Amino acid sequence: MSTPILRAGIVAYGHIAQKYHAPLLHSLPGFEIVKVLERNRNQAEIDYPHVQSVRTMQELLEDDSIDLVIITTPNQFHFAQAKAALEAGKHVVLEKPFTVSTMEAEMLLQIAQTEGKLLSVFHNRRWDGDFKTVKKVIASGVLGELVEFESRFDRFINYQRENYWREQDIPGAGVLYDLGPHLIDQVLQLFGKPLRLFADIRKQRKDSLTDDYFDIILFYDQLKVRLKAGNLVKELQPRFIIHGTNGSYVKHGLDAQRLTPINAENLASPDWGKEPQEQWGKISAHFQDLHINGQIETLNGSYQSYYEDIYHAILHSHPPAVSAQDALDTIELIELAILSNQKMAVLSL
C-alpha cells in the first residue's frame, strides 16, 4: 500500500528554510515540496529540481494540489500570510515565533478552527537531545523537588549585523522574539504557566537597534526558573542548570543536530542527533540511599519527529504535538516580559 503524500509549499527560502524545513520535508516519506516562494532567486529549484520557484503568495496559494504551507518569513509577516493560507484552505506551519502579538495569535487560532485546518508552530527544540534528556532526568525524580532551573542560549556577536532583519527596529525583531520562544516553550512543557514573571530586557551593544539580551525570571510555588540569552557572552555558560532537594544536574553545549546536514541518509543513521560524550550532562545526587555522581548520556535529538507528527496529525485529524494554543501561550509570556521590563516590576499572569 502506497504512502499518502502531503504536498507542501514553502513561503520564503532563507537560512531557516534551507537548513531545516526544506531538507526535513524532502527527506521524510509522505511529503513532497511543490512550490517555494522566493523574491528574486530560484535557489529552491537548484537544490530540488522537482520544485518550482514562484514570485507571489497568490501563485502558491492558488495551487489546489498544495495541502500544507510552511511560512518562514520575518516575524512581522506571519499573521497576514498565515491568515491568507488558512483562508485558502491550507494547513499551516509557522516558523517560530507564532506571531508578534497575542491578538494576532488568537485571531489565527480562531480562523484555523473555523476553516478546520491544522495550525502549528515549528518549536523544534522540544526535540533537542539535551531537552529530551532534561525531561527524562526531571521525570525520574532523582533530583527530588526542584527549587531552581536555569536555561540559556549564549552567543558572542559584538557588532550590529548589516541587512539582518532580526537586528532591525521592526516588529518581532530582537533576541527576545528570536531565542525567547525556544526557552519559554520548553519551560511551559516542563512546568506549565508560572504564577509571576519578571524580565530585564536590554540593548547591551552600543549600536544595537533592538534588544540583544534578556533575563527572565518565572516564579512557581517552590520553583524559580531563569531564562537568559545574550550576544555578548564570549565564554559560554551551562545550557541547563537544575537544582533539587536531592542534588543537581548541569549540562553544557548545544544540540548536536546543528552540526550535521539533514538528509534521508543521516536521519536514518543511529548516530543522528547523537552528542559526543564530553558534552553529556553531569549529575550529583543522593537518591534512595544511593549517591549518584557522574555523566548522563544525552538522548539523540530528533527534529524529524516534528514533521512526522504533523504528517499524522493532518492525515488522522488529531491535534499536533505543538498546538497553536501552546504557541499562543509563549507569545503571551513574551508580551508580559516586555511589560515587566517597561514597568521594572514583577507581574502576575
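Every read-out reported here was derived from the displayed coordinates using simple, explicitly stated rules and does not represent laboratory data. Remember, predicted model here, so these are calculated numbers, not experimental data. Every residue, glycine as well, gets a Cβ built from its backbone with ideal geometry; the counts of neighbours run over all protein chains shown.
Quick look at the values:
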item: Options ILE5, LEU28, ALA80, ranked by Cα towards positive dipole end of the stretch 3-93, top entry (Cβ charges); result: ALA80
item: Contour excess over end-to-end distance, with Cα ends at LEU195 and SER269 and 0.36 nm allotted per residue; result: 22.4 nm
item: Estimated FRET transfer efficiency (ASP207, ALA345; beta-carbon r; R0 35 Å; 0.05); result: 0.75
item: In degrees, nearest ten, helix 304-316 long axis to first principal axis of the chain (Cα); result: 60 degrees
item: Degrees between helix 129-140 axis and first principal axis of the chain (Cα, 0 to 90, nearest 10); result: 50 degrees
item: Over 21 Å between alpha carbons, listed pairs LYS136/LYS274; LYS19/LYS274; LYS234/LYS274; LYS19/LYS282; result: LYS234/LYS274; LYS19/LYS282
item: Label-point separation, GLN52 to GLU145 (7 Å along Cα→Cβ), nm; result: 6.3 nm
item: Largest-first principal axis extents of the Cα set of the stretch 210-336 (Å); result: 47, 40, 37
item: Mean projected area in nm² (Cα convex hull; one quarter of hull surface) for the stretch 51-135; result: 7.0 nm²
item: Within the chain, longest stretch clear of exposed GluC sites (Glu not before Pro) (DSSP loop, no more than 16 other Cβ within 10 Å); result: 63-144
item: Surface/4 estimate of mean projected area, convex hull on alpha-carbon atoms of the stretch 18-62, nm²; result: 3.3 nm²
item: For VAL11, residues with placed amide H under 5 Å, excluding near neighbours; result: LEU37, ILE70, ILE71, THR72
item: Hypothetical label at ASN42: residues of the stretch 1-36 whose amide nitrogen lies under 12 Å (7 Å Cα-Cβ projection); result: none
item: Rounded tilt (10° steps) of 102-115 against the dominant C-alpha axis of the chain; result: 50 degrees
item: Cα-based equivalent ellipsoid, the stretch 93-244: semi-axes from gyration tensor eigenvalues, Å; result: 26, 24, 14
item: Dipole moment magnitude, nearest 20 debye, the chain about Cα centre, only Lys, Arg, Asp, Glu C-beta charged; result: 700 debye
item: The stretch 136-207: Rg to Rh, with Rh as the Kirkwood radius over Cα pairs; result: 1.07
item: log₁₀ of I(q)/I(0) at q = 0.08 Å⁻¹ - the chain, Debye sum with one point per alpha carbon; result: -0.40
item: Longest exposed-site-free window of the chain, the sites being chymotrypsin sites (Phe, Trp or Tyr not before Pro) in a DSSP loop that have at most 15 other C-beta atoms within 10 Å; result: 165-349
item: Cβ-derived FRET efficiency at R0 45 Å, HIS316 paired with TYR159, nearest 0.05; result: 0.40
item: Size of charge dipole - the stretch 161-244 - debye, nearest 20, with Cβ of Lys, Arg +1 and Asp, Glu -1, no other charges; result: 240 debye
item: Over 25 Å (Cα to Cα) - which of LYS132/LYS224; LYS203/LYS251; LYS96/LYS135 fall in this group; result: LYS203/LYS251
item: Charged-residue dipole, Cβ positions (Lys, Arg, Asp, Glu), the stretch 183-316 about Cα centre, Debye nearest 20; result: 640 debye
item: Rounded to 5, percent antiparallel among DSSP beta bridges of the chain; result: 55 percent
item: The stretch 49-107 versus the stretch 154-192: alpha-carbon centroid distance in Å; result: 21 Å
